[in-house]
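Asker: The structure under discussion is supplied below as structure tokens; questions concerning it will follow.
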Ligand code: SF4
């Protein structure tokens with residue numbers, strides 16, 4: 001049983017701490033399996049990790065306090081609209097779509113105006129409105145606001161001063177389509193492949209959105225350990241690794257050598273390819289100028305044939321535009337047979353030494 005605190009032991013700070021601890025111990029208010037429209041412009045891998053059951057590091061009490069401050073900003077912004085349209089505001093309006101779920105912070109019904117409430121700091125002023133917030137509002141317009149002839153804004157409350165700035169968001173159909181295609185990729189990773197999406201090539205372990213610096217030190221995304229953890233901890237022999245002896249060991253060594261040779265040859269082919277394309281570009285200029293299709297030099301004839309481009313259909317864009325639905329296409333979907341990807345890793349001498357494989 002929990003210790004009962006006497007009135008003299010209580011303080012406001014302690015009460016806040018106790019509330020956050022109780023929240024952490026209880027069930028989450030959010031369904032981890034739902035794809036969130038609010039994160040459409042953020043890390044797609046994070047959505048797949050959460051939905052596939054990877055457990056994030058719980059937020060610190062400080063992070064929970066920051067999150068709660070966001071709700072307080074929403075209360076202040078709503079109070080301002082309430083003076084104009086008492087009793088006619090809707091909060092947390094659910095936007096449920098086949099690609100994910102979102103909640104509009106504030107819907108001013110009499111003027112069909114959508115308000116997304118955010119907190120920020122003075123030093124971020126130059127970056128406003130943030131792309132991820134514009135992405136979120138774009139999807140709310142696409143799935144809810146446009147049908148109601150809505151206008152929209154992102155209202156930023158500055159933490160230092162309490163000042164509020166509004167940034168209107170104008171619906172951009174190309175951005176909406178791009179975001180919906182992104183959500184479809186998240187959906188396919190979760191439901192079809194059951195594998196998290198890979199880490200984006202331009203992400204780094206110590207840079208936003210994976211980690212960021214604060215006056216209190218480096219903060220990390222809750223899923224950081226799942227993405228970068230193995231690269232910083234000591235690698236131990238994994239259960240799914242089989243150590244093989246001769247004669248198979250020689251085959252493994254040969255395979256590693258072949259892969260190195262293959263890579264070197266591929267690099268050479270790439271160089272040849274660059275030169276070939278440069279020559280072709282030069283020949284094309286001459287043939288275009290002379291309206292001819294072949295070049296002759298001594299006994300060599302070079303003929304250019306123009307192959308018409310292939311017609312393809314961008315199914316993802318068609319679904320995003322609502323021309324066809326995923327359900328209608330489902331009977332025509334085919335899943336290719338899985339294939340194996342082989343990766344060669346050489347243990348460094350230092351690592352092997354630690355395991356006793358090399359003796360000096
Ligand atoms: S650590 Fe980086 S890559 Fe991994 S889920 Fe978080 S933001 Fe995405």
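The values are calculated or read from the model by the stated rules, or taken from the named source; none is laboratory data. All values reported here derive from a predicted model rather than from experimental measurement. Positions of Cβ are generated from backbone atoms using ideal geometry, with glycine treated the same way; all protein chains shown enter the neighbour counts.
Asker: Scanning for something in a helix (DSSP H, G or I) and within 22 Å of the chain's Cα centre (by Cα), does the range 52-61 turn up at least one residue?
Answerer: Scanning the range 52-61 turns up no residue that is in a helix (DSSP H, G or I) and within 22 Å of the chain's Cα centre (by Cα).
Asker: If you check residue 51 against the conditions, is it in contact (Cβ under 8 Å) with a residue 40 or more places away in the chain, out of contact with any strand residue (DSSP E or B) (no Cβ under 6 Å at 6 or more places or on another chain) and surrounded by 10 or more Cβ atoms within 10 Å (Cβ to Cβ)?
Answerer: It is true that residue 51 is in contact (Cβ under 8 Å) with a residue 40 or more places away in the chain, out of contact with any strand residue (DSSP E or B) (no Cβ under 6 Å at 6 or more places or on another chain) and surrounded by 10 or more Cβ atoms within 10 Å (Cβ to Cβ).
Asker: Further question on the same structure: With 141, 130, 157 as the choices, which residue is surrounded by 20 or more Cβ atoms within 10 Å (Cβ to Cβ), under 22 Å from residue 71 (Cβ atoms) and touching a helix residue (DSSP H, G or I) at 6+ places or on another chain (Cβ under 8 Å)?
Answerer: 157
Asker: Pick from 79, 44: which is in the same structural domain as residue 220 (by TED's automatic domain parsing), within 16 Å of the ligand (Cβ to nearest atom) and at pLDDT 95 or above?
Answerer: 44
Asker: Oh, and also: For the range 109-124, how many residues are part of a helix (DSSP H, G or I), more than 24 Å from the chain's Cα centre (by Cα) and without any contact (Cβ under 8 Å) to a residue 40 or more places away in the chain?
Answerer: Within the range 109-124, residues that are part of a helix (DSSP H, G or I), more than 24 Å from the chain's Cα centre (by Cα) and without any contact (Cβ under 8 Å) to a residue 40 or more places away in the chain number 4.
Asker: I've got another one for you. Would you confirm, using the coordinates I've provided, whether residue 213 is over 26 Å from residue 335 (Cβ atoms) and either surrounded by 15 or more Cβ atoms within 10 Å (Cβ to Cβ) or more than 12 Å from the ligand (Cβ to nearest atom) (or both)?
Answerer: It is true that residue 213 is over 26 Å from residue 335 (Cβ atoms) and either surrounded by 15 or more Cβ atoms within 10 Å (Cβ to Cβ) or more than 12 Å from the ligand (Cβ to nearest atom) (or both).
Asker: So, in the range 15-41, exactly how many residues are away from the ligand (no atom under 16 Å from the Cβ) and in contact with a strand residue (DSSP E or B) (Cβ under 6 Å, 6 or more places away or on another chain)?
Answerer: The total comes to 2.
Asker: Something else now. Between a residue in the range 197-224 that is closer than 23 Å to residue 64 by Cα and any residue that is in a loop (DSSP other than H, G, I, E, B) and more than 9 Å from the ligand (Cβ to nearest atom), which pairs come within a Cβ distance under 6 Å, given they are 6 or more apart or on different chains?
Answerer: Sorted first by the residue in the range 197-224, then by its partner, the pairs are 222/57.
Asker: A further question on this structure: Out of the range 216-242, which residues are more than 9 Å from the ligand (Cβ to nearest atom) and modelled with pLDDT of 90 or more?
Answerer: Within the range 216-242, no residue meets the criteria.
Asker: Does the range 54-72 contain at least one residue that is under 30 Å from residue 166 (Cβ atoms), assigned by TED's automatic domain parsing to the domain that holds residue 180 and touching a strand residue (DSSP E or B) at 6+ places or on another chain (Cβ under 7 Å)?
Answerer: yes
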